[in-house]
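Bear in mind these aren't lab numbers, they're just calculated from the coordinates by the rules spelled out. As the structure is a computational prediction, the values presented were derived from the model and not from experiment. Cβ coordinates were reconstructed from backbone atoms using ideal geometry, including for glycine residues, and neighbour counts include every protein chain displayed.
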Amino acid sequence: MTYLTLSITLIFVLIPLFLSKTLHLQLEKDTIIATVRSIIQLLAVGYVLKFVFEAESFFFIFLMVALMIAVATDNARKKGKTIKGITWKIAITLVVIEILTQSILLGFGVVPATAQYIISISGMVIGNAMVLAILFLNRFTAEVEARREETELILSLGGTPKQAVRQPLIDAIKTSMIPTIESQKTIGLVQLPGMMSGQIIAGADPVQAVQFQLMIVFLLLTNAAMSSVLLGFLSYPTLFNERMQLIKRKR
Amino acid sequence: MNDSATAAIHFQEVDYAIFDVTILKKITGSFPKGKITTLVGPSGAGKTTLLKLCNGLISPTAGDIFINEEPISSYDPIQLRRRVGIALQSAPMIQGTVFQNLALPLELQNKKLTEKEALHKLADVGLAQPILHQKVDDLSGGQRQKVSIARTLMNRADILLLDEITSALDPTSVHEIEQLIIDLNCKYETTIIWITHNLQQARTIGHYTWIMADGEVIETGEIDILTSSTNKRVQRFVQGNLA
C-alpha cells in the first residue's frame, strides 16, 4: 500500500465527521484528534519497529517490551486507585505473564526468538492483560464496596481476610475472564481475528494464519486466568489492616 | 461499674473518629462480667460503633479497651472475634440458604455443622424446620434477625454484643429472644451488651445500663438509674426529649 492509497481511506474518517456534524453529535473534535493521534502513534511505532527488527538486538527488544508494560501499567492503575501499591501489583502481574508466555513459546521453540515474533506477541499479551486488569479492578473494587456488610460479617465471626473477600474476589475474576471465553466461542464464525486477517491480507497461507491465531487464542486464555488471579491475590491483602479490619476509604 | 477488675470489657478514655468526624469521645467505663448491660441512647449516639470496637472490627483512635483485663490489641483478631460475638441490627447474610448461614461460623474454622445441630439452633430462636433450606432472600426481616442471632450463637462466645436484635420482631418473638438471652446469661454466665431503643426492654432484661448521647456516655449504673437518675440529660432522654 502506498501513502496515496492510504490517504484515500481517509474517506472512512470523513463519513463519521459528516454524520457528527449533521446530527449535532459534537464528536468532530474528538474524531479528528483520534485520527491524528493514531496516524502519528502508528507511524512512529512502525519506524521504531523497523529499526528494532533490523537491529536484531535483545536490548532493544527488552526496551520495547518494558515500554509496553510501563504504558499498560500506567493505563490500568487509574482503575485501582483505592488499592494501595496498585502500580507495582499491575507491573508485577504483567511481567509474570510476559515471562511465562515467552518462556513457553521460546522454550519449546513454538516461535523463533526474533524481534518480529517477540514484540508482536508481547503487544498482544500485554495489551490483553491490561484490558483484563482494568476489567478485574473495576469489578473487584465495586464488589468489595457493594458487599462491605457481608465482608465485615465474615470478619466479625472470626474469618480471615482471605475468607472474607473470597466471594467478591471469585466473582471479579470470573467477570473479567468471561469476555475472553465468550469471544473465543464465536471466533472465526462471527469475527476474523485481527492477527489472522492481517496475515491473510499480507499473503500468508490461511491455514498457517489460523495456526498462529490458535496459538494466540490459547495464550489469551492463560492470560485471562493469570492476570485476574495474580492481580486479585496481590491486591486483596491491601484492603485490610494488620488488625484484620476492612479499611474504609474516603470516596 | 468502673472497677475494671470485674469487667468483661473496660473502656479507658476511648475516642473513635473517621475521616476527621468524631464518633466517640472519651468513653470510660466497664461492662461487668456475666451480666446483661443495656446500651441506650438516641440514634447517632455511637452505640453500634462502640460494639464494633469491642468485636475488633474497628480500633480506637485514642485510649484503650481491655477484654478480661488484657488490652484488646494483645488478642489475635480472629480469636477475639470468636470470643466476642456480635449480631447486628441489619442482620447481614451471605448469599444462599439459612443452613449455609448457620454453618458459616463453623466453616470458617474448617468444621461442619450437622442438620440436627442446625435445627436445634433454629428451635432456640423460635424458627421451625421448613425454613432451614430456604434462601435467605426469601426471609422476612424478623426471620433474618432470628437467623442472625442463631448464627452468632454458633461460636459459643463468652461475650455477646447485640445490636437492636429484636427491632423487627413481633411481641411474641421479642419475648422468646429475650428469654433465650436471659437463659444464656444465667446458664453460661455469658456477658451480654444489648443495644435497645425500647426502654421497657432495657429495664426488663438489663442488670446494668449505659446511656449514651452525641458520642459520649452520659451515665452508667444499675438499671434503675433509668428511672431514678437526677442527670437532666438522662431524664430528658427517658421522657423522649433528647434528640
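Computed quantities for the displayed model
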quantity	calculated
Average other protein chain Cβ within 10 Å of Cβ, residues A:156-169	5
Two-site FRET efficiency, A:LEU106 against A:THR186, from Cβ-Cβ distance with R₀ of 51 Å, rounded to 0.05	0.95
Quarter of the Cα convex hull surface for the protein assembly as shown, i.e. its orientation-mean projected area (nm²)	32.5 nm²
Simple label model, 7 Å out from Cα along Cβ direction - A:ALA44 to A:ILE15, nm	2.9 nm
Loop-located GluC sites (Glu not before Pro) in the range A:10-56 whose Cβ has at most 11 other Cβ within 10 Å (DSSP)	A:GLU56
Shielding of B:75-82 by partner chains, average beta-carbon count, 10 Å	5
Prolate/oblate/rounded label for the range A:39-126 (Cα gyration tensor, a/c 1.5)	oblate
Counting DSSP beta bridges with both ends in the protein assembly as shown, the antiparallel % (nearest 5)	55 percent
Placed amide H near B:ILE23: partners under 5 Å, 5+ positions off or other chain	B:TYR16, B:ALA17, B:ILE18
GNM top mover of A:THR238, A:THR31, A:THR82 - chain A, alpha-carbon springs below 10 Å	A:THR31
Most fluctuating residue given options B:LYS52, B:LYS116, B:LYS33, as computed from a GNM of chain B linking Cα atoms under 10 Å	B:LYS116
Label-point gap, in nm, between A:PHE218 and A:GLU145 - each point 7 angstrom along Cα→Cβ	4.1 nm
Shape box of chain B [Cα atoms, principal axes, largest first, Å]	50, 40, 37
Summed residue charge, Cβ within 15 Å of B:ALA202's Cβ, Lys/Arg positive, Asp/Glu negative	-3
Dimensionless Rg/Rh of the range A:140-251 - Kirkwood Rh, Rg from C-alpha atoms	1.21
FRET efficiency, 1/(1 + (r/R0)^6) with R0 41 Å, evaluated for B:GLU70 and B:THR227 via beta carbons	0.70
Rg/Rh for the range A:57-239, where both radii come from Cα atoms and Rh is the Kirkwood radius	1.04
Shape of the range A:1-55, Cα gyration tensor, a/c cut at 1.5	oblate
